[in-house]
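This is the structure, below, for whatever I ask next.
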Amino acid sequence: MIYQTGIRNNVERELKNKIKVMKYKYLFLVLISFLSFAQNKNFPTAKVDSIVAAIQLPVFPSYQINIAKLGAKGDSVSNNKAVFDKAMALCKKNKGGTIIVPKGIYKINGPIHFVSNVNLKIEKGAKIKFSDNPKDYLPLVLTSWEGTMLYNYSPLIYAYGCSDIAITGEGTIDGEGANIWKSFKAKEGAGKNLSRDMNHNNASLEERKFGEGYFLRPQMIQFFNCKNILVEGIRIENSPFWCLHLLKSESITVRGISYKSLNHNNDGIDPEYAKNVLIENVTFDNGDDNVAIKAGRDHEGRANAATPSENIVIRNCHFKGLHGVVLGSEMSAGIQNVFVENCKTVGYLKRGIYIKTNADRGGFIRNVFVNNITLDEVEDCLYMTANYHGEGKGFQSDISNVHFSNIVCTKARESGIVIQGFPDKKIRNISLNNIEIKSVKNAISSENAENVIMNEVFIGQRATVPSAAK
């Protein structure tokens, strides 16, 4: 009897110990969950630091050439195309170097094509002014137009397959986009639709020849399949189309540049299939998006799913234009690891942060962190939609893990926060922490979303202590 009682006591003690261990495990899991949630709410500075540390600045040989000594004339009239081509050829012969553009206005009837290991340094008081004759940008080059690979007019400054390249200085690049190029906008429909049909039908690249008669405007600056890129200090004006297109390139630094480019589709910076990008201390004034992160369109983008746009840091910028930071809509290869911090607007924006895709795109947008943003007057403050323009079917995108913190907006003419998913593909894991939108027409519009967490969110006038019944 005593023996049986001893066994029972041992079993009870063992059972109590197991229960205690289970309680500790449960508490540990709760703690881990809490810490994970807290980490998601906070801006991941360590991750940002690791991305910036991985970006390599270009390195150049000591060779220098001043275009004035090669015969360039900064009189705003003479065509200096041959001189710039010669300068690039000399740099190539010397395995790289710096091309110095001194004070003056240098007309160029045609594109500048980079070679590796070259810094194009545009000094204070210098301006490169491109012609606006479309024939000057032939023959066709391989490029991308709104997310579809094709052959088109050469971008005004074009680098393909280069490494260690830069555009620096305090001078200006003028794209002369407000006359002939601007007129292309009304005539581009047939060419645009053909390019999209070719995308959807997987037409061979050799078939995709555009240029004359199709009216697809070229980008101002395009770095295509390049690495170790620096764009610093310059001013960009009057682009025909997108201003700075970072296509299938990596290890990129864009800092201290400014814009005044107000033509159709004058996006400021478009990283597309781009990796490890730092955009900082930029002053935007654009006719379209300030930063538009892209990753290919529809069928073609989904076929390139191994090369999403990723590891993009945007900080200490001044926004002015249509939208501040946009993710999409061409993003079929996916966008991930985007960090926006310490930015503010000057004047009106249509939307502050805009995440947009539709049921034609597929792909994903995930791991987006936006912190410490000050917006003046906008139409919509924070806008996330998986149903952009209500277009498409069969390829709904996945939007998840988007975190907004410490955002102040003075006035939203329409909506403060918009979230639009699909019933069978919900936008999920969204956190909103310390958000204040002081004046707004519609506070929150949220449909087909799950796990949306709000903390310290004030939209409209802040509530105070409740009044007593009289």
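Among the residues in the range 342-358, are any of a type outside the set (Val, Ile, Thr) and not in a strand (DSSP E or B)?
yes
Filter the range 393-409 for residues that are free of Cβ contacts under 8 Å to residues at least 40 places away in the same chain and farther than 17 Å from Asn433 by Cα and give the result.
Matches in the range 393-409: Lys393, Gly394, Gln396, Asp398.
Here is a check on your reading of the model: is Lys320 surrounded by fewer than 24 Cβ atoms within 10 Å (Cβ to Cβ) and either more than 26 Å from Val440 (Cβ to Cβ) or touching a Leu at 6+ places or on another chain (Cβ under 6 Å) (or both)?
no
Does the range 110-118 contain at least one residue that is within 29 Å of the chain's Cα centre (by Cα) and open to solvent by 50 Å² or more (accessible area, probe 1.4 Å)?
yes
Is at least one residue of the range 383-390 closer than 20 Å to Ala333 by Cα, modelled with pLDDT of 95 or more, of a type in the set (Ser, Thr, Tyr) and open to solvent by 20 Å² or more (accessible area, probe 1.4 Å)?
There is at least one residue in the range 383-390 that is closer than 20 Å to Ala333 by Cα, modelled with pLDDT of 95 or more, of a type in the set (Ser, Thr, Tyr) and open to solvent by 20 Å² or more (accessible area, probe 1.4 Å).
Among the residues of the range 204-220, is any without any contact (Cβ under 8 Å) to a residue 60 or more places away in the chain, not in a loop (DSSP other than H, G, I, E, B) and not aromatic (Phe, Trp, Tyr)?
Yes.
Which residues, taken from the range 158-190, are part of a strand (DSSP E or B), more than 19 Å from Gly287 (Cβ to Cβ) and not charged (D, E, K, R)? Outline the logic, then answer.
If we filter the range 158-190 for residues that are part of a strand (DSSP E or B), which is where we start, we get 158-160, 163-169, 172-174.
When the remaining residues are screened for being more than 19 Å from Gly287 (Cβ to Cβ), the result is 158-160, 163-169.
If the condition is that a residue be part of a strand (DSSP E or B), more than 19 Å from Gly287 (Cβ to Cβ) and not charged (D, E, K, R), then Tyr158, Ala159, Tyr160, Ser163, Ile165, Ala166, Ile167, Thr168, Gly169 are the ones that fit.
Here is a yes/no grid of residues against (1) over 30 Å from Glu310 (Cβ atoms); (2) modelled with pLDDT of 50 or more; (3) surrounded by 11 or more Cβ atoms within 10 Å (Cβ to Cβ); (4) of a type in the set (A, V, I, L, M):
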site: Arg13; (1), (2), (3), (4): yes, yes, no, no
site: Val21; (1), (2), (3), (4): yes, no, no, yes
site: Ile32; (1), (2), (3), (4): no, no, no, yes
site: Leu35; (1), (2), (3), (4): no, no, no, yes
site: Pro44; (1), (2), (3), (4): no, yes, yes, no
site: Tyr63; (1), (2), (3), (4): yes, yes, yes, no
site: Ala82; (1), (2), (3), (4): yes, yes, yes, yes
site: Thr98; (1), (2), (3), (4): yes, yes, yes, no
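Same structure again: (1) in contact (Cβ under 8 Å) with a residue 24 or more places away in the chain; (2) surrounded by fewer than 20 Cβ atoms within 10 Å (Cβ to Cβ): which one isn't true of Asp174, the others all being true?
Of everything listed in (1) in contact (Cβ under 8 Å) with a residue 24 or more places away in the chain; (2) surrounded by fewer than 20 Cβ atoms within 10 Å (Cβ to Cβ), Asp174 misses just condition (2).
Something else: Identify all residues within the range 250-282 that are of a type in the set (Ser, Thr, Tyr) and more than 16 Å from Val325 (Cβ to Cβ); write none if there are none.
Looking only at the range 250-282, we keep the residues that are of a type in the set (Ser, Thr, Tyr), and these are 251, 253, 258-259, 261, 273.
Of everything in the range 250-282, those that are of a type in the set (Ser, Thr, Tyr) and more than 16 Å from Val325 (Cβ to Cβ) turn out to be Ser251, Thr253, Ser258, Ser261, Tyr273.
Please list, ordered by first then second residue, the pairs with beta carbon atoms under 8 Å, 6 or more apart or interchain, first in the range 52-79 and on the phi < 0 side of the Ramachandran plot, second among the acidic types (Asp, Glu) and at pLDDT 95 or above.
Once the first residue is on the phi < 0 side of the Ramachandran plot and sits in the range 52-79, its partners that are among the acidic types (Asp, Glu) and at pLDDT 95 or above give Pro58/Asp164; Val59/Asp164; Phe60/Asp164.
Those residues that are free of Cβ contacts under 8 Å to residues at least 24 places away in the same chain and surrounded by fewer than 13 Cβ atoms within 10 Å (Cβ to Cβ), I need them from the range 413-461; list them, please.
Those that are free of Cβ contacts under 8 Å to residues at least 24 places away in the same chain and surrounded by fewer than 13 Cβ atoms within 10 Å (Cβ to Cβ): Asn451, Glu456, Gln461.
Conditions first: (1) more than 17 Å from the chain's Cα centre (by Cα); (2) crowded, with 23+ Cβ neighbours inside 10 Å; (3) within 24 Å of Val52 (Cα to Cα). Ser405 passes all but one, so which condition is the exception?
Single failed check for Ser405: (2).
Out of the residues in the range 193-221 meeting the condition of being touching a His at 6+ places or on another chain (Cβ under 9 Å) and farther than 30 Å from Ile234 by Cβ, tell me which one is most open to solvent (accessible area, probe 1.4 Å).
Among residues in the range 193-221 that are touching a His at 6+ places or on another chain (Cβ under 9 Å) and farther than 30 Å from Ile234 by Cβ, the one most open to solvent (accessible area, probe 1.4 Å) is Asn201.
Just to be sure I understand, how many residues within the range 184-232 are of a type in the set (Asp, Glu) and in contact with a Gly (Cβ under 8 Å, 6 or more places away or on another chain)? Before the answer, list the steps.
So in the range 184-232, the residues of a type in the set (Asp, Glu) come out as 188, 197, 206-207, 212, 232.
Applying the additional criterion that residues be in contact with a Gly (Cβ under 8 Å, 6 or more places away or on another chain) yields 232.
The total comes to 1.
Could you check how many residues of the range 252-288 are open to solvent by 10 Å² or more (accessible area, probe 1.4 Å), within 12 Å of His318 (Cβ to Cβ) and assigned to a loop (DSSP other than H, G, I, E, B)?
3
Same structure again: How many residues are open to solvent by less than 10 Å² (accessible area, probe 1.4 Å), free of Cβ contacts under 8 Å to residues at least 40 places away in the same chain and closer than 12 Å to Ile365 by Cβ if we restrict to the range 289-317?
Count: 1.
The values are calculated or read from the model by the stated rules, or taken from the named source; none is laboratory data. Computed from a prediction, not measured in an experiment: that's the story for all the values here. In this analysis, Cβ positions are derived from the backbone assuming ideal geometry, glycine residues included, and neighbour counts consider all displayed protein chains. Each accessible area value is taken on the protein alone, full model and side chains, heavy atoms only, with ligands, DNA and RNA left out. Shrake-Rupley method; radii C 1.70, N 1.55, O 1.52, S 1.80 Å.
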